Amino acid sequence: MGENVNRKILLASRPVGMPTESNFKMIEEKVPEIKEGEVLIRTLFLSVDPYMRGRMSAAKSYAKPYEVGEPFLGGMVGKIVETRNSRFQVGQFVEGRLEWAEYNVSDGSTIRKINPELAPVSTALHVLGMPGLTAYMGLTYIGEPKEGETVVVSGASGAVGMIVGQIAKLKGCRVVGIAGQDEKCTYLTEELGFDAAINYKTAENLRKAIKEVCPDGIDVYFDNVGGAVSDAVMTLINFQSRTIICGQISQYNLEMPEMGPRVAGQLLTTRSLMKGFIVSDYAQHNKEAFTQLSQWVKEGKIQSRENIVFGFENTVEAFLGLFRGDNIGKQLVKIAEE
């Protein structure tokens, strides 16, 4: 690409069902000039996340919908290449939620500095960023896991799920992961120390498979997927269990909602809690969470894995891959060398 060309990706149209390449459009512009108080950031890594699917539709949700014809927005890690803001120097690494573009301008309010000595800068998009915080907040403040309890995680090999399971192990729990490939299940048990993992796509009877590895029932369920997987889990919850609703990726691309079992009776008889949340609900605990996660990462107690797709032109493909289950760990697009 020419030195002063900035490629960016726009939302071309709202998807019906599963998004396709045609819902996106790539354009080329000149690299923007910065004004007093602004910085120019060269993108190194872009984050693609399941929640972005919800923002592609016009339906009311917890995040404002993307506008058709406007740039797609998401998490990114970049390097400052030009600055007219005294708080930032050229060469510093930053993380923020900016446009899907090779270059972004910020006034500094939308970005935070990241320390490359703490961990690789890309971890600011997963274990030391939004997915790590999501795992920590949901499990700690809703799940409240106690030693010896059984914790089940769906979407367990994704960016949030794999952190949830490892934190639960550090708290002394029995941890069971549910994922959609044998390779993912092997990774969870052999690399991350989960006690068991189930491939929901190949299990003949999912409820039976979960029951076998949760002989004492389920105390905490961290739900990233919803649908039939959660239906099976909910039949096995214990007295005063806690279910954390973090994501429902199995439902995001359905044109009509699925009918499923009604769980209110189960919650009533077991006196259980089911609570939905998003990470910003617990922002007052961010400092504590960052400190704890950073320490665990430094001590090697929490591992993370990245699935890196190379090239800005492959960003849309990487995003669509989330819904096919392509990734083990955090799905990232690498745009440029550090």
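The values are calculated or read from the model by the stated rules, or taken from the named source; none is laboratory data. Remember, predicted model here, so these are calculated numbers, not experimental data. Methodologically, a virtual Cβ is constructed for each residue, glycine included, from the backbone with ideal geometry; neighbour enumeration extends over all protein chains shown.
Residues that are in a strand (DSSP E or B), of a type in the set (Gly, Ala, Ser) and on the phi < 0 side of the Ramachandran plot: does the stretch 48-65 have at least one? Outline the logic, then answer.
Step one: list which residues in the stretch 48-65 are in a strand (DSSP E or B), which gives none.
No, the stretch 48-65 contains no residue that is in a strand (DSSP E or B), of a type in the set (Gly, Ala, Ser) and on the phi < 0 side of the Ramachandran plot.
If you go through the stretch 46-81 and pick out every residue that is charged (D, E, K, R) and either under 21 Å from ASN115 (Cβ atoms) or at pLDDT below 90 (or both), you end up with 3.
Can you list the helices (runs of 4 or more DSSP H) lying wholly within the stretch 122-225 that have 2 or more residues being under 24 Å from ASP326 (Cα atoms) and in contact with a helix residue (DSSP H, G or I) (Cβ under 9 Å, 6 or more places away or on another chain)?
Helices (runs of 4 or more DSSP H) meeting the threshold: 130-137, 161-170, 206-213.
Contact annotation: residue pairs with Cβ atoms under 7 Å, 6 or more positions apart or on different chains, pairing a residue in the stretch 3-28 that is closer than 12 Å to GLU99 by Cα with a partner that is of a type in the set (Gly, Ala, Ser) and buried (at least 16 other Cβ atoms within 10 Å of the Cβ), are ASN6/ALA101; ARG7/ALA101; LYS8/ALA101.
Selection of the stretch 193-236 for residues being within 15 Å of CYS173 (Cβ to Cβ), touching an Asp or Glu at 6+ places or on another chain (Cβ under 9 Å) and without any contact (Cβ under 8 Å) to a residue 40 or more places away in the chain yields ALA196, VAL213.
Across the stretch 235-263, the qualifying residues are those that are modelled with pLDDT under 95 and among the small types (Gly, Ala, Ser), and the one among them that is surrounded by the most Cβ atoms within 10 Å (Cβ to Cβ) is GLY247.
For the residues VAL309, VAL316, VAL333, the requirement of being touching a residue at least 24 places away in the same chain (Cβ under 8 Å), touching a Ser or Thr at 6+ places or on another chain (Cβ under 7 Å) and closer than 30 Å to GLU183 by Cα singles out VAL333.
Of a type in the set (Gly, Ala, Ser) and buried (at least 17 other Cβ atoms within 10 Å of the Cβ), is that true of SER157?
Working: of a type in the set (Gly, Ala, Ser): yes; buried (at least 17 other Cβ atoms within 10 Å of the Cβ): yes.
Considered against the rule, which asks whether it is of a type in the set (Gly, Ala, Ser) and buried (at least 17 other Cβ atoms within 10 Å of the Cβ), SER157 comes out as yes.
For the residues THR150, THR134, the requirement of being buried (at least 23 other Cβ atoms within 10 Å of the Cβ) and under 19 Å from ILE218 (Cα atoms) singles out THR150.
In the set TYR103, TYR66, only one residue is more than 20 Å from PHE310 (Cβ to Cβ), buried (at least 18 other Cβ atoms within 10 Å of the Cβ), in contact (Cβ under 8 Å) with a residue 40 or more places away in the chain and not polar (S, T, N, Q); that residue is TYR66. Considering the stretch 234-279, and only residues there that are in a helix (DSSP H, G or I) and touching a Leu at 6+ places or on another chain (Cβ under 9 Å), the residue that is farthest from TYR136 (Cα to Cα) turns out to be LEU267. Scanning the stretch 30-42 for residues that are assigned to a strand (DSSP E or B) and surrounded by 13 or more Cβ atoms within 10 Å (Cβ to Cβ) turns up VAL39, LEU40, ILE41, ARG42.
For first residues located in the stretch 244-257 and within 17 Å of PHE277 (Cβ to Cβ), partners that are of a type in the set (S, T, N, Q) and not in a loop (DSSP other than H, G, I, E, B) and lie 6+ apart or on another chain with Cβ distances below 8 Å form the pairs CYS246/THR134. Within the stretch 29-60, the set of residues being of a type outside the set (Gly, Ala, Ser), closer than 28 Å to CYS246 by Cα and free of Cβ contacts under 8 Å to residues at least 24 places away in the same chain comprises ARG55, LYS60.
Kindly indicate the residue of the stretch 161-198 that is polar (S, T, N, Q) and more than 20 Å from the chain's Cα centre (by Cα) and also farthest from GLU299 (Cα to Cα) among those meeting that condition. Spell out how you get there, then give the answer.
Here is the first cut: in the stretch 161-198, the ones polar (S, T, N, Q) are 166, 181, 186, 189.
Of the ones still in play, those that are also more than 20 Å from the chain's Cα centre (by Cα) are 186, 189.
Values: THR186: 23, THR189: 20 Å.
This residue is THR186.
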